[in-house]
Amino acid sequence: MSDDKIKVFTISDMPFSPSGVGTQTKYVCEALLETGKFKIVSFGGAIKHQKYDPIKTQEYEDDWIVYPVDGYGNQEMVRSLLRQEKPDILWFMTDPRFWGWLWEMENEIRPLMPMVYYHVWDNKPYPMYNKMFYESNDRIAAISKVTDDIVKNVAPTVKSCYLPHAVNTDIFKPLEDEEKKDEFKKSSFGDFYDPNKVIFFWNNRNARRKQSGSLIFWFKKFLDKVGHDKATLVMHTEVKDEHGQDLQRIIDFLGMKDGQVLFSQKKVPPEDLAKMYQVADCTVNISDAEGFGLATLESLATGTPIIVTMTGGLQEQVTNGEDWFGIGIEPASKAIIGSQEIPWIQEDRLNEDDVVDALEKMYNYSKEEREQIGQRGREHVMKNYNFTDFKQKWVDYMLQIHEEEGSWENRKKIQRWTLEEV
């Protein structure tokens, strides 16, 4: 190293983007930088960039340099950065299907530094086809209990740990001032403002697995039962995302033009997003697969209860095994789907009536009952997913990895092969 700081090379979504991967990358980087013991160089990808000049933050200056890249970069770009920066640790995050090209370089990277993978995986059956990928890392941190169990069973020889997502509970917190809540509703809802309506909130990418179209159809059936003037669904998403459905056409087809469903498409800072959760009565996520589900964790942190599919990381958010912090809906079917890259994975599909019943149950709770459920949810977040523990765990983890694994001149020797008598 050129100085006493540990240099970490991160590859992930652009850490200044609003995606869940981008947000968590930013949190991890900031946790390390706040100690004064680390420097970071990042490849920020997964979005379309206007320009590709290196980015420095005012707070961290030369200690954190972000290089915008297409996709997540490529082998030659990685080789160039390794030669130029000589990082001590390579840290990367998201679905394994994006990292085959990086693991192909394992024999070039791991003799110089450890590879640390922050792993996202949605569901069983155990993906045995990922075994060679998992074994190409020195350490794997799992975002959910489901992911942690999968890694430990698929590749038990790899050192792994459970290190779930977290949210900043100083930003995502309850807003107890009812007048401020009402003012925000008035400014947000305009002509559709009604203080007596129950507000359901949906904050997701408009993509197939998120079931955005299904939710609109099923929300109409719910309104047909309770009254179209009794509740509103606010969807914070891109209405015409190329990976999803044309949500506006669905609304038009169903004749829901009186504020039953409202769209919020503008990207907003965390403080404004927190307000959306604060004025909502419930946040909904009915994805058929969800690695963790950051939006529902943010919702619980603000004291707003949730309705979720009992899949992936959503399961551990809605209940701790004893108490419930909303309504968890068991899948009506568990379809095995796949592709050439992913031979099998389970999709947890919900039944229309089960979702409508859950919406109606949440609607029929009194305001006080919803607040009590939400308060227990915030306590659950503060105990198990709080920001302070998240940051300290990542700092301790990376310091431990650097001490035990070494880098460059003092790199611990690795051996991926064995000799067996046939």
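The values are calculated or read from the model by the stated rules, or taken from the named source; none is laboratory data. Source: prediction; values computed, not measured. No Cβ is skipped: glycine too gets one built from the backbone with ideal geometry, and neighbour counts run over all protein chains shown.
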Q: Give me the pairs, please: first residue somewhere in region 216-243 and at negative phi, second residue anywhere and charged (D, E, K, R) and part of a helix (DSSP H, G or I), beta-carbon distance under 8 Å, and either six or more positions apart or on two chains.
A: F217/E352; W218/E352; K221/E352; F222/E360; K225/E360; V226/E360; H243/R208
**Q.** Criterion violated by M382 - all others in (1) more than 30 Å from N130 (Cβ to Cβ); (2) more than 18 Å from the chain's Cα centre (by Cα) satisfied
**A.** (2)
Q: Restricting attention to strands (runs of 3 or more DSSP E) lying wholly within region 1-77, give those where 1 or more residues are of a type in the set (S, T, N, Q) and surrounded by 20 or more Cβ atoms within 10 Å (Cβ to Cβ).
A: 6-13, 38-45
Q. Can you name the residue in region 144-195 that is modelled with pLDDT under 80 and assigned to a loop (DSSP other than H, G, I, E, B) and is also farthest from the chain's Cα centre (by Cα) among such residues?
A. Y193
Q: May I ask you to verify whether M398 is in contact (Cβ under 8 Å) with a residue 24 or more places away in the chain, within 22 Å of T10 (Cα to Cα) and of a type in the set (A, V, I, L, M)?
A: yes
Q: For E421, state whether it is out of contact with any Cys (no Cβ under 7 Å at 6 or more places or on another chain) and surrounded by fewer than 12 Cβ atoms within 10 Å (Cβ to Cβ).
A: yes
Q: Consider R349 carefully, then state whether it is touching a helix residue (DSSP H, G or I) at 6+ places or on another chain (Cβ under 8 Å) and not assigned by TED's automatic domain parsing to the domain that holds Y129.
A: no
Q: Name every residue in region 406-422 that is modelled with pLDDT under 80 and in contact with a Pro (Cβ under 9 Å, 6 or more places away or on another chain), in order of residue number.
A: I414
